1. Whole Å is fine, so just give me how far the alpha carbon centre of the range 143-159 lies from that of the range 112-130.
2. Quick check: at a probe of 1.4 Å, how many percent of the accessible area of the range 63-166 sits on carbon and sulfur atoms?
3. Taking a ≥ b ≥ c as the square roots of the eigenvalues of the Cα gyration tensor of the range 3-60, is the shape rounded (a/c under 1.5), prolate (a/b larger than b/c) or oblate?
4. Measuring with a 1.4 Å probe in the full set of protein chains, what accessible area per residue, in whole Å², belongs to the chain?
5. Roughly to the nearest percent, how much of the accessible area of the range 1-57 is carbon and sulfur, given a 1.4 Å probe?
6. What relative contact order, as a whole-number percentage, does the chain give when Cα pairs under 8 Å and 6 or more residues apart are counted?
7. Stick to the Cα atoms of the chain, pair each with every other, and give me the Kirkwood hydrodynamic radius in Å at one decimal.
8. Please compute the Cα-Cα pair-distance distribution of the range 110-166 with 5 Å bins starting at 0, giving whole percents from short to long.
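The values are calculated or read from the model by the stated rules, or taken from the named source; none is laboratory data. What you see is a predicted model; the values in this text were computed from it and never measured. Calculation scope for accessible area: heavy atoms of the full protein, side chains included, ligands and nucleic acids excluded. Shrake-Rupley method; radii C 1.70, N 1.55, O 1.52, S 1.80 Å.
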Amino acid sequence: MLDTMLIRDATTDDWPAMWPFMRRIVAAGETFSWDRDVGEEQAREMWFPAPPGRTVVAVDSGGTVLGTANSVRNHGGPAGHIASASFMVDPDHQGRGVGRALGEHIVDRARADGFRAMQFNAVVQSNTRAVALWRSLGFEVLATLPEGFRHPVDGYVGLHIMYRRL
């Protein structure tokens with residue numbers, strides 16, 4: 001666990017610190033459902049959604065970006081009260097509470113923004129650390145799409161849809 005960590009709104013000035021670890025995570029193809037060879041410009045556009053979407057970073061006392069998250073409306077219109085979110089923690093800083101802090105922050109922000117619930121559309125079943133984290137933060141698995149994710153080591157694994165009320 002980190003002694004001090006700040007979670008704040010991300011800016012485009014943070015991108016040069018975010019992209020290297022995001023690229024590693026996506027290229028590994030084990031936990032995230034983007035194309036493994038996504039380009040930097042496309043990734044930045046996807047990671048910084050238009051309002052009411054938000055992007056945040058977790059930084060340590062020295063200003064090092066440890067991880068990032070974004071939140072968006074999961075759907076529009078009559079379903080616009082359901083939020084969604086995505087998270088990436090720098091693999092060099094995993095196991096230090098960054099993911100938990102980002103998760104708690106995003107849930108609190110979504111609640112404050114008036115969302116009634118949050119749905120994660122694609123949590124890889126074999127990503128047991130993430131599944132356990134989200135369960136500990138009150139999310140439940142609503143359904144699992146069998147073989148919904150092609151893992152580079154484990155082959156086809158389930159893809160969870162997880163949910164919690166806010």
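1. Using only Cα atoms, the two centres lie 17 Å from each other.
2. It is 49 percent, rounded to a whole number.
3. Judged from the Cα gyration tensor, the range 3-60 comes out oblate (a/c at least 1.5, b/c at or above a/b).
4. Counting only protein heavy atoms, the per-residue value for the chain is 52 Å².
5. Solvent-exposed carbon and sulfur of the range 1-57 make up 49 percent of the total.
6. 20
7. It works out to 16.2 Å.
8. Here the calculated profile for the range 110-166 is 5, 20, 26, 21, 14, 8, 4, 2.
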